[in-house]
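The values are calculated or read from the model by the stated rules, or taken from the named source; none is laboratory data. Since we're looking at a predicted model, the values are computed, not measured. Please note: Cβ atoms are built from the backbone with ideal geometry, for glycine as well, and neighbour counts cover all protein chains shown.
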Amino acid sequence: MTTPADTTTDAPVENPAADLAPDPAPPRRSLFASPPCYAALLPNSRFFTRIVPITEEAAVVEQVDLALETLSPFPLTQLYHGHFWQAGAPYALVFAAYRKRFLGEETQLWPADEIVMPAFAIALAVPAAAGTTRVSLATDSIAVLHWADDTGVPTQAVIEPLDPALPEGDRTAAREQLLRNLGLGTSVEDWSQAELLSMSDSGDLTFNVSGQEIKIRAELAAALDVRDKFELAERSRLHRRDIWLWRTVQAAAALLVLCVVGAVMLQLSQTKYAQLQAQYKKNDKPVQEAKENESTVNEIEQRTTHRYTPLEMLSLVTKTRPDNTVFTQTNFLPINGAGASVLQATFRTISVSETETLKNALKALPEVADVTEPKLPQQQGATPDGVPLWTDTLNITFQPDAVKPETIIPDPPATTGK
């Protein structure tokens, strides 16, 4: 492992805001799209790497901080640092850089970034089998990571600085030479610059590396980030708050859209209902006329097909009349749908009980289907002896075609004597 020479040559930072020129107008975005996210992938040449032992898995961060304080000539507060460790591994990869190697124009953009780490750290996000070597070749450096075992943590991490003005061919030759010096000539993977695509609500990051999507979990991203760990914890808390607020705004916007759509649909339905009502009123009069015409036709048909026997019916009713009951008025009601005839008889009697007697006598007739009393008896006047007179009405329904007409034999013609 080597410590790179001091250099101020910077590789481009993966953040659109890093350019000091005025930013172009941002593209128009949907209200429901997630906020944009950025990552700062720092030049590898500014960092030194170490492999430090881990003896207590419950205190990995404390052991990394202690190792840095021992290895670095600078206090821990003057370093930007991060680490990579996998559960069960007996060691961790630590990387750090002196804070003064970064200009204020760079660090002032970091609060807008989701993660700040050296560019080679993206190669740590994908598990590597034993014997794997990964190379990150940039304009300012060559970063080599090698996994000699299956712990998941690199056993070698070397960063070789390069002159940014070096031609492409010379950089490639320097890469091959460094691999030969390290004895790592086989199973080599070349890793290009990464681009941050998105960040989930839980803080997981998704990068694009040569068309391949690579995800970094939130816990790993926090360990790789070189910023102050307390600031990162506060940033994570604020991120969760912002996500909650963002989802609330989205839900409110969706609810507003639904309300607007509902109001429009309600207005359209009311308009359609008014149109149907107007059409109904327009068609109601012809319908009523058609119903009346149909009723008239049915009545005419019944009257032409039904044979009336009013005298015979009246004769039957009169035979059942009690002695003190006198019919004052009779009236035939319209024939009902079953073809039955209804005789309405109004009578006068000196006793209310005779009404029940008359009803029972009528119901006993085989020709009568039903007898109803549409209203209560009423007292009207009195006899010369002072006995009260009662008036009542009965509706007598006859069975259809139950009353047969009587045969009337005409009188013989008169004869004249000769």
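Restricting region 88-109 to residues that are among the hydroxyl-bearing types (Ser, Thr, Tyr) and surrounded by 16 or more Cβ atoms within 10 Å (Cβ to Cβ) leaves a set whose member that is nearest to Leu42 (Cα to Cα) is Tyr98. Candidates are the residues of region 131-154 that are of a type in the set (Val, Ile, Thr) and touching a helix residue (DSSP H, G or I) at 6+ places or on another chain (Cβ under 7 Å); the one that is farthest from Thr49 (Cα to Cα) is Val135. Residues in region 194-204 that are crowded, with 17+ Cβ neighbours inside 10 Å and closer than 22 Å to Val135 by Cα: Ala194, Leu196. For Ala221, the criteria (1) farther than 20 Å from Arg134 by Cα; (2) small (Gly, Ala, Ser); (3) not in a strand (DSSP E or B) hold in every case but one, which is (1). The condition of being at pLDDT 80 or above, surrounded by 12 or more Cβ atoms within 10 Å (Cβ to Cβ) and either assigned to a loop (DSSP other than H, G, I, E, B) or of a type in the set (Ser, Thr, Tyr) (or both) holds for Thr355. Scanning region 122-131 for residues that are out of contact with any strand residue (DSSP E or B) (no Cβ under 7 Å at 6 or more places or on another chain) and in contact (Cβ under 8 Å) with a residue 40 or more places away in the chain turns up just one, Gly131. Does region 155-173 include one or more residues that are in contact with a strand residue (DSSP E or B) (Cβ under 6 Å, 6 or more places away or on another chain) and over 19 Å from Phe48 (Cα atoms)? No, the conditions are met nowhere in region 155-173.
Rundown of residues vs (1) surrounded by 15 or more Cβ atoms within 10 Å (Cβ to Cβ); (2) farther than 19 Å from Pro127 by Cα; (3) at pLDDT below 90; (4) among the polar types (S, T, N, Q), yes/no style:
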site: Ala174; (1), (2), (3), (4): yes, yes, no, no
site: Leu178; (1), (2), (3), (4): yes, yes, no, no
site: Leu184; (1), (2), (3), (4): yes, no, yes, no
site: Ile216; (1), (2), (3), (4): yes, no, no, no
site: Val226; (1), (2), (3), (4): yes, yes, no, no
site: Glu231; (1), (2), (3), (4): no, yes, yes, no
site: Arg237; (1), (2), (3), (4): no, yes, yes, no
site: Asp242; (1), (2), (3), (4): no, yes, yes, no
site: Leu245; (1), (2), (3), (4): no, yes, yes, no
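Taken over region 313-344, the criterion of being at pLDDT 80 or above, hydroxyl-bearing (Ser, Thr, Tyr) and either in a loop (DSSP other than H, G, I, E, B) or buried (at least 16 other Cβ atoms within 10 Å of the Cβ) (or both) is satisfied by Thr320, Thr325, Thr330.
Summed over region 372-418, the residues that are at pLDDT below 80 and β-branched (Val, Ile, Thr) give a count of 8. Return yes when Phe347 is in contact with a strand residue (DSSP E or B) (Cβ under 9 Å, 6 or more places away or on another chain) and either of a type in the set (Gly, Ala, Ser) or at pLDDT below 80 (or both) and no when it is not. Answer is no for this residue.
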